1. Counting just the residues of segment 46-75 that are in contact (Cβ under 8 Å) with a residue 24 or more places away in the chain and not in a helix (DSSP H, G or I), which one comes out nearest to residue 92 (Cα to Cα)?
């Protein structure tokens, strides 16, 4: 299993987007959350139809909130966005565990283990950003 320091992006920004000269430079935490988002959105299609507007939606909203809050931190450098992303990460894991405990085949033991490892990587990367922000604040920078 890879760790946070060695994390390599699974998806890259398409050249057509880069050609617009838009600012799509993100932290590793954002990229890890994005990569995991792609994986989760595929898995959510396989949950029972009756969960479409409940558990599926809650899982999607949790990963999207993580992405949004990390992005807001990248823009504003306000550390509270990272704490919100960390809480959303915990919510995401709780919802994935619920899907596993409800015995939905889309979230079997292997998938849950993979999800837990990805959430741990995202958490470590968020933690690194928090530590870095606190050090900058203490240093007066």
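1. 47
Every residue, every condition in (1) touching a residue at least 40 places away in the same chain (Cβ under 8 Å); (2) closer than 22 Å to residue 52 by Cα, yes or no:
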residue: 77; (1), (2): yes, no
residue: 81; (1), (2): no, no
residue: 89; (1), (2): no, yes
residue: 95; (1), (2): yes, yes
residue: 100; (1), (2): no, yes
residue: 104; (1), (2): yes, yes
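Results for (1) in contact with a helix residue (DSSP H, G or I) (Cβ under 9 Å, 6 or more places away or on another chain); (2) surrounded by fewer than 18 Cβ atoms within 10 Å (Cβ to Cβ), shown as yes or no for each residue.
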{"site": "3", "(1), (2)": "yes, yes"}
{"site": "34", "(1), (2)": "yes, no"}
{"site": "38", "(1), (2)": "no, yes"}
{"site": "62", "(1), (2)": "yes, no"}
{"site": "70", "(1), (2)": "yes, no"}
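No value in this document is a laboratory result; all are computed from the given coordinates. In this text, all values refer to a predicted model and were calculated from it rather than measured experimentally. A quick note on method: Cβ atoms are made from the backbone with ideal geometry, for glycine too, and the neighbour counts reach across all protein chains shown.
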